[in-house]
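Please read the structure below before turning to the comments.
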Amino acid sequence: MYILARKGKEREGAYSVIDEDKENVLYIFVEEDDATRYALQLEDRDYPTMNVIEIDDEVMIKTCEVHGHKYAIITPNDIVIPPDEISYDFI
């Protein structure tokens, strides 16, 4: 599986969206192509350039659960579109 992180600052955290409850949600993509496509959509909307990083999904999910972070598994059947407003965070 794959996550996004700001290019050159990968050790500072992973890209997350801010949901309607004002909480961070980490997107975990099943397919690398979907993560890459989303990163390109972000770039088209003037977000910072992102790198796609392969992760161990079990470790990442457990880490999110231990630290109380929300996450969403993005499958090839899901459609996710970056928000028009630049609103994101790194967790």
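The values are calculated or read from the model by the stated rules, or taken from the named source; none is laboratory data. Since the model is a prediction, treat every value here as computed from it, not as a measurement. Positions of Cβ are backbone-derived with ideal geometry, glycine not excepted, and every protein chain shown enters the neighbour counts. For accessibility, only protein heavy atoms count, side chains too; no ligands or nucleic acids. Shrake-Rupley method; radii C 1.70, N 1.55, O 1.52, S 1.80 Å.
Identify the residue in the range 28-50 that is of a type in the set (D, E, K, R) and in a helix (DSSP H, G or I) and, among all such residues, is farthest from Met1 (Cα to Cα).
In this case the residue turns out to be Asp44.
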Problem set entry | Unmet requirement for Ile53, which otherwise passes all of (1) at pLDDT 95 or above; (2) assigned to a loop (DSSP other than H, G, I, E, B); (3) surrounded by 11 or more Cβ atoms within 10 Å (Cβ to Cβ) | (2)
Seminar exercise, completed: Glu20 fails exactly one of (1) modelled with pLDDT under 90; (2) over 12 Å from Pro82 (Cβ atoms); (3) open to solvent by less than 80 Å² (accessible area, probe 1.4 Å), namely (3)
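Could you go through the range 76-89 and let me know if any residue there is in a helix (DSSP H, G or I), of a type outside the set (A, V, I, L, M, F, W, C) and touching a residue at least 24 places away in the same chain (Cβ under 8 Å). Explain how you work it out, then say what you get.
First pass over the range 76-89, keeping only residues in a helix (DSSP H, G or I): none.
Scanning the range 76-89 turns up no residue that is in a helix (DSSP H, G or I), of a type outside the set (A, V, I, L, M, F, W, C) and touching a residue at least 24 places away in the same chain (Cβ under 8 Å).
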Exercise. Quick one: would you say Val66 is loosely packed, with under 12 Cβ neighbours inside 10 Å and among the hydrophobic types (A, V, I, L, M, F, W, C)?
Worked result: yes
